[in-house]
1. If amide hydrogens are placed 1.01 Å from N in the peptide plane, which non-local residues have theirs closer than 5 Å to the one on residue 204?
2. Calculate the FRET efficiency for residue 154 and residue 354 from the Cβ-Cβ distance with a Förster distance of 35 Å, rounded to the nearest 0.05.
3. Starting from 0.36 nm per residue, how many nanometres of slack lie between residue 335 and residue 255 once their C-alpha separation is accounted for?
4. What order do you get for 225-231, 143-149, 27-33, 12-18 when each peptide is scored by the mean count of other beta carbon atoms within 10 Å, highest first?
5. Residues with amide H under 5 Å of residue 2's amide H, sequence separation 5 or more or different chain, H placed in the peptide plane at 1.01 Å from N; which?
6. Sorted by packing (mean other beta-carbon atoms within 10 Å per residue), highest first, where do 344-353, 209-218 land?
7. Go ahead and estimate [θ] at 222 nm for the chain from helices alone: -39,500 (n - 2.57) per DSSP H run with n ≥ 4, summed, over the residue count, rounded to 500.
8. Taking the Cα centre of each part, how many Å lie between segment 280-329 and segment 168-209?
Amino acid sequence: MSDVKRVLIVGAGIGGAMAAYSLARAGISTHGVEIAPRSSAAGTGICLLHNTMRAMHQVELAEPCLEYGQQIDHFRQFDAMGNQISENPTPPGIGIKRPDLAHVLESAAVEAGAKIEYNTTVTELEDLGDRVKVSFSNGNVAEYDVVVGADGVYSKIRHKVFGVKYDAEFVGQSCWRFSAPRLPEHDGFWLFRHKGAGVGAIPTSKDGCYLFILENSDKPLNMPPDKLDLLLKERLAAYTAPLIRQAVEQLTSPKQVLFRPFDARLMPGPWWHKGRVVLMGDAAHAPTPQLTSGGGMAIEDAVVLAECLAAPGTAAQALEAYSNRRIPRVKRVWEASFQISRWEREDPVGNAQRTAALLLDTYRFLGEPM
Ligand SMILES: Cc1cc2nc3c(=O)[nH]c(=O)nc-3n(C[C@H](O)[C@H](O)[C@H](O)COP(=O)(O)OP(=O)(O)OC[C@H]3O[C@@H](n4cnc5c(N)ncnc54)[C@H](O)[C@@H]3O)c2cc1C
């Protein structure tokens with residue numbers, strides 16, 4: 001029998017909601033708190049690679065994701081006019097709209113018996129050795145065997161427990177994103193290259209896709225929110241590929257555009273826990289998004305954490321087993337992503353081939369057991 005009976009998860013994003021589902025399903029009493037209101041999941045789309053879908057399959061969530069999403073199985077590179085430069089089949093994953101993924105995960109968690117409270121956060125955290133005492137913003141106080149920090153890249157739990165030196169830092173790139181209709185032939189991660197820049201496009205449903213373009217800068221950029229559509233159109237002007245022109249035609253409001261700097265952090269080993277408080281997802285390893293794997297790693301974390309916490313033994317044994325299983329795998333993916341980001345910033349044209357090679361090599365590595 002496991003010593004861990006009652007767990008608090010802070011944050012109900014991709015990783016937190018998946019952990020709430022996986023833990024509740026394993027018979028552990030699971031309480032989640034999320035600072036935002038329910039249904040606040042915003043964003044364009046997200047790519048769930050083969051390894052992520054394998055983890056979803058393992059806990060019987062692949063089917064609902066497939067119902068909403070669109071299967072993708074190719075990585076293709078094009079020039080700005082849409083002429084194909086290279087084509088590589090990839091193991092099948094899916095693209096899905098972020099609100100659809102949030103709906104699948106949160107509904108599954110609640111159905112499995114997890115209790116998730118929205119508009120709620122942690123105000124105080126006291127590790128008493130044999131349990132953790134937690135005070136909440138709604139005035140409640142409760143005790144748990146383990147507390148999971150799944151509160152994302154700007155994690156307050158990481159900051160509180162591990163200190164300011166592990167706060168995420170700007171990595172010299174930002175990303176523009178928007179949603180658009182999908183072309184019928186759009187079958188995977190398509191990358192349109194032009195003079196060292198690139199526009200990516202990933203299907204998210206039978207009729208939708210999302211596009212993104214990266215921008216390098218030494219310091220974080222502040223873009224005027226009311227001009228995001230115009231600024232993005234300027235950046236896409238040189239791309240005449242039909243997919244991009246068709247998408248740009250639909251771009252009529254700044255509200256359709258998301259602009260976000262990349263802040264990253266990889267928590268070092270040997271442990272992602274201190275006492276009975278453990279980190280997962282972006283709180284433990286916020287990557288640059290070149291490998292489209294941050295959400296996938298959070299999903300894998302959740303499945304492995306639930307397996308470890310449900311196994312016979314003490315909380316300390318479970319948390320050590322979790323770090324032992326997760327850190328080497330996540331480190332490799334995080335570092336490959338960061339390397340590609342660095343190559344893109346230093347010499348995107350000169351590094352294009354080794355970037356593609358590292359991308360495909362890491363995709364292959366992801367196929368190894370989690
Ligand atoms: C441009 C871009 C593209 C990406 N594309 C992909 C992709 O294609 N595939 C992929 O796998 N990954 C992708 N990622 C990465 C992915 O989005 C993240 O890695 C993933 O969302 C991490 O999940 P998480 O649960 O750890 O954090 P999040 O999903 O950010 O969830 C954190 C949750 O915690 C809540 N929270 C925050 N603070 C508190 C608090 N104090 N108290 C309570 N709740 C709190 C937040 O409201 C949020 O709901 C991309 C990232 C970016 C920036």
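What follows is calculated from the coordinates using simple rules that are stated; it is not laboratory data. No experiment lies behind these values; they were computed from the predicted model shown. As a convention, Cβ positions derive from the backbone with ideal geometry for all residues, glycine included, and neighbour counts pool all protein chains shown.
1. 209, 210
2. Numbers: r = 32 Å, r/R0 = 0.91.
Once the sixth-power term is evaluated, E becomes 0.65.
3. Values: separation 80, 0.36 × 80 = 28.80 nm, distance 3.29 nm.
Length difference between fully extended and current span is 25.5 nm.
4. Numbers: 225-231: 13.9, 143-149: 24.0, 27-33: 21.4, 12-18: 29.9.
Highest to lowest by the protection proxy: 12-18, 143-149, 27-33, 225-231.
5. Close amide H contacts, sequence-distant or interchain: 313.
6. Details: 344-353: 14.4, 209-218: 18.3.
Answer by packing, highest mean first, reads 209-218, 344-353.
7. Numbers: 11 runs with 135 residues, N = 370.
About -11500 deg cm²/dmol.
8. Rounded to whole Å, the Cα centres lie 27 Å apart.
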